[in-house]
Amino acid sequence: MSWNGPDDAPPSARIAALAPALQPSERRVADAIAADLAGAVERTAQQLADHAGVGRASVVRTARTLGYDGYPQLRVAVARELAFAPPAEASTGDGTAVGALRAAVEEFARGLSRVTSVLTEQQVTAAVAALDEAERVVVVAAGLSMPLGYDAAMRLGAAGRPCEFVPDPLAQQIAARQLTASSVCLVLSGSGSSRPTLAAAADARDAGAQVLAVTSFADAPLVRLADTALVVPPVGGTFRDELLHTSRAALALVVEQLVELVAQRRSGRSARARDAVLRVLGESLGD
């Protein structure tokens, strides 16, 4: 798979989103670039090939897979990303637990700029409209993405957009099979490859429902099943980081704001629902 997302998406976001689709030699080149953007700008194609332990042709092929005409264009794009990137002033930690926590949060914050870099106006608008207009919305999420399902369902409900979420994968699949052409199946999956999640998404599509996916990788099987796919690259930057330090924080941030857009589109309906929510919350709080 070659890059077909926004032309202004930075190289690091493209690498993160396409990581699982890259060939082994391309993955080595991409990981070498992601690990040292400044070094990649200074290296020629041959120097980068030697650094990554691959042939020069693999470097050129990687650049084209990432959506550039060749390696020189990729180098320029990397230089541009560095020029507009916030300064790296995060602490490496002071040996304390709070120091390590602070350093990790600062590192995460530096990667937030690419969370929405792969999204397009058309995709986001289509997703918001689908969630607003559907007669029925079923949320599908499993494994580490399951908390996203709970969160999305509660937020949508509080915004006046009734929806359904049950944690059992079999129950999700049963619900998906009962959807119709006027329904939406909102599928949340970091990897986009979970078998139970894919089964439910496929059943929803076969039932004629719109499948709306939120995932981390552009070439995930889930993307191919979806009518609309919102790709949110992992903040870590590489597929290896995603495997070793799996996080759904970026996906949670996007889902939360997606619900806010739905609430804005529903206007008065959301206001009435949120008023009811606040009344319940007020009655539940003690002194």
- Members of region 123-152 that are touching an Asp or Glu at 6+ places or on another chain (Cβ under 7 Å) and either outside the structural domain of L212 (by TED's automatic domain parsing) or within 16 Å of Q257 (Cβ to Cβ) (or both): none
- Does region 199-247 hold any residues that are assigned to a loop (DSSP other than H, G, I, E, B) and either of a type in the set (F, W, Y) or modelled with pLDDT of 95 or more (or both), and which are they? A207, G208, A209, F217, A226, D227
- Query: Looking at this structure, is A176 touching a Leu at 6+ places or on another chain (Cβ under 9 Å), farther than 19 Å from L251 by Cα and in the same structural domain as D219 (by TED's automatic domain parsing)?
  - Reply: no
- Residues of region 39-86 classified as touching a Leu at 6+ places or on another chain (Cβ under 6 Å) and part of a helix (DSSP H, G or I), total: 4
- Message: Return the residues of region 87-114 that are at pLDDT 85 or above, surrounded by 14 or more Cβ atoms within 10 Å (Cβ to Cβ) and not in a helix (DSSP H, G or I); say none if nothing qualifies.
- Response: none
- Message: Please go through (1) under 23 Å from the mean Cα position of the chain (by Cα); (2) within 22 Å of V128 (Cβ to Cβ); (3) surrounded by fewer than 20 Cβ atoms within 10 Å (Cβ to Cβ) for L156 and return the number of the only condition it doesn't satisfy.
- Response: (3)
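The values are calculated or read from the model by the stated rules, or taken from the named source; none is laboratory data. Since the structure is predicted, the reported quantities are computational estimates derived from the model, not experimental observations. Virtual Cβ from ideal backbone geometry, glycine too; neighbours counted across all protein chains shown.
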